[in-house]
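A quick write-up on the structure given underneath.
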Amino acid sequence: MRKLVPIFSSLLIALNCFSQSSFKKNAFYFEIAGNGPALSVNYERQLGTKPGFGCHLGIGLGDSYPSIPMGFIYLYNLGNNKSFLEAGLGVTLAEESLWQINEPNKDSYPYAPGFIPSIGYRYQALHGLIIKAIYSPIFTKYRNLPLFFGISAGWRI
């Protein structure tokens, strides 16, 4: 777990060094529900010269330890470079007690993955504001939450 975050961070920094354009590839946003099951702060990086494939990494509220949402997204332009269909595949590492229904086992490993596909609508204003609403079911070995939604607001830089 400790090796995963520095590797992912290094990848994002390296991708930033290879490109120079006026398209704002980076974004920071706050999310309620969604990929980080409660509240989370996320960094997103678009991997191309226009909206398309990207990746995100965040930190969120957990029980005793923070949750770590991460994943890949694709933005499909709906015609005016402001409205996008967003589809993604993600994994959120959170405490097992957050995923469990029954009495949590405190002797177990503190983190367990939750697999979170997502699809939703994103509005990006030309000056940088991002607002999005997504449907993001959660699948874990303990339980599934098929009706889970999230909203986000942030800024593209």
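Derivation of every value follows stated rules applied to the coordinates shown; laboratory data play no part. None of the values given here were measured: they were computed from a predicted structure. Note that each Cβ is placed from the backbone with ideal geometry, even for glycine, and that neighbours are counted across all protein chains shown.
Figures for the structure shown
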{"item": "Nonlocal amide H pairs with residue 62, under 5 Å, H built at 1.01 Å", "result": "67"}
{"item": "Over 26 Å (Cα to Cα) - which of 24/132; 24/141; 50/141; 82/141 fall in this group", "result": "24/141; 50/141; 82/141"}
{"item": "Using θ = phi - 60° and Karplus 6.51 cos²θ - 1.76 cosθ + 1.60, couplings along the range 37-47 (whole Hz; Gly, Pro as x)", "result": "x, 10, 9, 8, 10, 10, 10, 10, 9, 7, 8"}
{"item": "Quotient of Cα Rg and 2.2 N^0.38 Å for the range 72-150, N being how many residues it contains", "result": "1.39"}
{"item": "Normalised per residue, the volume of the convex hull around the Cα set of the range 18-78 (Å³)", "result": "87 Å³"}
{"item": "Rg/Rh (Cα only; Kirkwood hydrodynamic radius) as it applies to the range 105-149", "result": "1.20"}
{"item": "Summed side-chain charge close to residue 83 - residues other than residue 83 whose Cβ falls under 13 Å, Lys, Arg +1, Asp, Glu -1", "result": "+2"}
{"item": "Fully extended contour minus Cα-Cα distance, from residue 125 to residue 65, at 0.36 nm per residue", "result": "18.2 nm"}
